[in-house]
Each structure stands twice: as structure tokens, then as C-alpha cells.
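These notes concern the structure reproduced below.
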Amino acid sequence: MTSTDPNDPIADALLGESTYERLRVERYALIKRRIPQKLVYQSGLLLVLALVVPIVATYPSSVQATFPGGAPLWSSPLVLWVGVYAGGIEVGTATCLVAVAIARQRYEPSLSESQVHTLLNLEDVASMFGLATGGFAILITVGFFLLGHAGVETVTAIVESAPRDPYGRTGIPVPVIAVGAAAAISSCVVYAAGRYLSSA
């Protein structure tokens, strides 16, 4: 793309040679950031999800005793599955954003406006699911685990008031430590992808 004014990115996009940038600036979107920035945000959300490991590892002993086997790091509580789904959403939508960015970089000169609109639609949907839906689910997950630091009385009150024990064991053994490790690794990969695309 030929730069027109580096101090005015909107004018640069509107007057430049990139159909993708021009249409991206012209259309309405709740999340206007570029794909590399969105990927950095998603890596941050995955890192927040990985915090469940240090959160659980530092529970008071009275709270740890309420988990099956007294080992919360190796337990698979029901609320953790919200985080599993959220992590899957983040990885899936980040992959979609990377694919859109690669397709744009590879085919940019020959993309028609309809093809660009398709890519932008995919970007918008992936952004909303990744940063809004997935982000909200991650905050819920981490919030539930943080409540363990409020003491065993708080945990007991939550268990008794909930229709189903959010800290109870599930049928599929996916431990907290595994989810945290996967989230941390995914965070690094997504961040690296964002940095690579920003410099490409």
C-alpha cells in the first residue's frame, strides 16, 4: 500500500491502494483494532485464564480440603469447563483471524470488494466471539476460582446456593493444571502470531 500520510491512518486507508483497508475504515465495527492488536488482546485473555493455576495453588488449606482428594490443582471442577470452552473459543477465533490476515496478505492485489467484505465479516465475527464472548467466559471462570480465597465459608455458601456444585467433580477428568498450562502455551503462540503479522 502506498502511504499518503503516516500521521492520519484513516486518510491513509481511504486514499491508499488497499481495498481491504479502505473498506475496513468505511464499515461499522464494534472492535475497530487491526488483527495483530486483536491477537495480542486475545493472548492476554488466555494468560488471564492461565492464572487459575496460581490462584488455586495458593488456596488456604481449609479450601483445598473441600476439593476431591484435597488437591484442587488436579481436580476437574464443573466451573473449569467454562474456562475450557472459553479457551477453545479464543484459540479458534485467533486461528480464524490469522487465516484472514494471511489470505489478505497473499491475495490483496487481486481481491474483489465482495471477497474483502467476506474476509471482513469473518474478522468481525471472530473478534466478537473471541474478545467479547470468550473474554466474558474467562472472567467468569477466574472469578469463581478467586472466590476460594474468600474462605471456606464463602465456598460452602456458593455450593449450597447453586443448583449444582460449581466446584464438584465432572465426569471428564481435565485437571486445573492442564487447562492452565494449555492456556499459557496458547497465549504465547497467539502473541507470537500477532507480533509476526504486525511486522509482516
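The values are calculated or read from the model by the stated rules, or taken from the named source; none is laboratory data. It should be emphasised that the depicted structure is a prediction, and the values quoted were computed from it without experimental measurement. Remember, those area values only see protein heavy atoms, side chains included, never the ligands or the DNA or RNA. Shrake-Rupley method; radii C 1.70, N 1.55, O 1.52, S 1.80 Å.
Numerical summary
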item: Relative contact order (%) - the chain, alpha-carbon pairs under 8 angstrom, separation at least six; result: 39
item: Per residue accessible area of the range 94-200, 1.4 Å probe, in Å²; result: 55
item: Long-range tail of P(r) for the chain (Cα pairs > 28 Å, %); result: 39
item: Whole-Hz couplings from phi, Karplus 6.51/-1.76/1.60, listed for the range 118-135; x for Gly and Pro; result: 5, 5, 5, 5, 4, 4, 5, 5, 4, 5, 5, 5, x, 8, 9, 5, x, x
item: Using θ = phi - 60° and Karplus 6.51 cos²θ - 1.76 cosθ + 1.60, couplings along the range 86-95 (whole Hz; Gly, Pro as x); result: 5, x, x, 4, 4, 5, x, 6, 5, 4
item: Selected from Ala162, Ala183, Ala57 as most flexible by GNM, with the chain as the system and alpha-carbon contacts under 10 Å; result: Ala162
